[in-house]
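Written out below as structure tokens is the structure these notes cover.
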Amino acid sequence: MEEKLVTIVVLPYSKAHILKTRLEAKKIDCVLENLNWVGGTISYSTSVKVLEKDVPKAMPVLDNLLGTKATSPEPVQDKKERHVLVPIDFSLNSEKAGKMAYNIASHLGIKIVFLHCYINPLIHSIPFSDVYAYDPTLLVKMEYAEKDANKQFEQFIGKLSKSLGKEKWNEVASEFIIKSGYPDEDILAYAEKHQSQLIVMGRGGTSDVAETVGSVAVYVIYNARVPVLVVPEYSKTKELKDFSKVLYATNFDEKDFVVVDKLLELLKPFDVKLLCAHVGQPKGNGWDLARLEGMKDILQKKYEKKDFECKLLMGNDVLGALQKVIDEEKVDILSLTTHKRNMISRLFNPSFAREMVFHTKTPLLVFHA
């Protein structure tokens, strides 16, 4: 019986050829099949196929190309390789995140990479070892998983490109990756290996599926080394030029000024007011107020043309205090920095992270010091 070919990944045309070269160097036969989705929109994406028996040997080669926890980042010198990474699950939330990512990528003059991971019954049910047990039902399940992922990806990109409009869609170079794997691990691995400038993720509501997506978002927020922007389900769809106010939650760390630089660079040259807020304890607010004033003076001298405001918020409920300011000031983005040793870290233990991701309607931009 002739052995069937198995699709292990869908990659941009150039990356597919790199993978083919690496597989053949390992004596693994490889076949490339060009895809033509949405009337040519994704004509430069390629399906990479290997023989079923070679899947266990091919997966480590693929992981080395796209990134694993053990691989080191590649130097990114060419601006063409700089990108915004958008993990998608084909939901409305992913579409909303995709639109915002396109807006950001267009502003920064870099490309956008869409990444979708699905569970492949064949690849994720056998160990990468010398023993390979053949199960005829797995191949059928694998073919269904692959076709379903490709079909949904095609529909998603078609809908997103139509929503953005042909002219705007063509303003930003885009790449598309469909692979079997686990979203939380693969998102982090790709971002670290290829030095993503930003990860933009959608976040769902209260359904079981949304909770899974939310759990992935929490994991990525907590473990990523690059900035992460989480776009909630019920956030208002806005372009950067329409943003008027950003709230940065500070704990007076020296890294705050580095983060503010990155934040203002992202929002440059839009007329956005930056509101810096610190949630302090009812006692000892005099010293906190003095540090806030000092922070404002430093920022005002460095960014003379920017509008700054600093607020001291009192109370033990950090999330509640920030949400109150968000509502009162009509904040467009909440931004903060992860510091495991200070006040902000209280937002990032499992319960606080889940609460923030699921209940705020404001996009959350997280930097990592």
- prompt: Any idea which of (1) at pLDDT 90 or above; (2) open to solvent by 40 Å² or more (accessible area, probe 1.4 Å); (3) in a loop (DSSP other than H, G, I, E, B) is the one K99 doesn't satisfy?
  reply: (3)
- request: Filter the stretch 22-45 down to the residues that are modelled with pLDDT of 75 or more, among the aliphatic types (A, V, I, L, M) and assigned to a helix (DSSP H, G or I), then identify the one that is nearest to I8 (Cα to Cα).
  value: L23
- prompt: Is there any pair linking a residue in the stretch 227-251 that is farther than 22 Å from A105 by Cβ to one that is of a type in the set (V, I, T), with Cβ under 6 Å and at least six apart or on different chains, and which?
  reply: K245/V331; L247/V331; N251/I344
message: If Y248 meets every condition in (1) in contact with a strand residue (DSSP E or B) (Cβ under 6 Å, 6 or more places away or on another chain); (2) of a type in the set (F, W, Y); (3) farther than 27 Å from M314 by Cβ apart from one, which number is that one?
response: (3)
field: Test for F270: is it at pLDDT below 85, of a type in the set (F, W, Y) and open to solvent by less than 90 Å² (accessible area, probe 1.4 Å)
entry: yes
message: Give me the residue from the stretch 321-348 that is at pLDDT below 85 and exposed (fewer than 12 other Cβ atoms within 10 Å of the Cβ) and, out of that set, farthest from R291 (Cα to Cα).
response: K340
query: Among the listed residues S180, S161, which satisfies the condition of being of a type in the set (S, T, Y), crowded, with 21+ Cβ neighbours inside 10 Å and either modelled with pLDDT under 90 or under 18 Å from L92 (Cα atoms) (or both)?
result: S180
Residue pairs meeting the criteria (Cβ under 9 Å; at least 6 apart or on separate chains; first surrounded by 15 or more Cβ atoms within 10 Å (Cβ to Cβ), in the stretch 297-318; second among the hydroxyl-bearing types (S, T, Y) and modelled with pLDDT of 80 or more): C310/T250
field: Listing of strands (runs of 3 or more DSSP E) fully contained in the stretch 215-334 that carry 1 or more residues being of a type in the set (D, E, K, R)
entry: 245-249, 273-280, 308-314
query: Within the stretch 57-85, which residues are assigned to a helix (DSSP H, G or I) and at pLDDT 85 or above?
result: K57, A58, M59, P60, V61, L62, D63, N64, L65, L66
field: Condition met for S174 (in contact with a helix residue (DSSP H, G or I) (Cβ under 8 Å, 6 or more places away or on another chain), among the small types (G, A, S) and open to solvent by less than 70 Å² (accessible area, probe 1.4 Å))
entry: no
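The values are calculated or read from the model by the stated rules, or taken from the named source; none is laboratory data. Computed from a prediction, not measured in an experiment: that's the story for all the values here. Every residue, glycine among them, receives a Cβ derived from its backbone with ideal geometry; neighbour counts consider all protein chains shown. All accessible areas refer to the heavy atoms of the entire protein, side chains included, with ligands and DNA or RNA removed. Shrake-Rupley method; radii C 1.70, N 1.55, O 1.52, S 1.80 Å.
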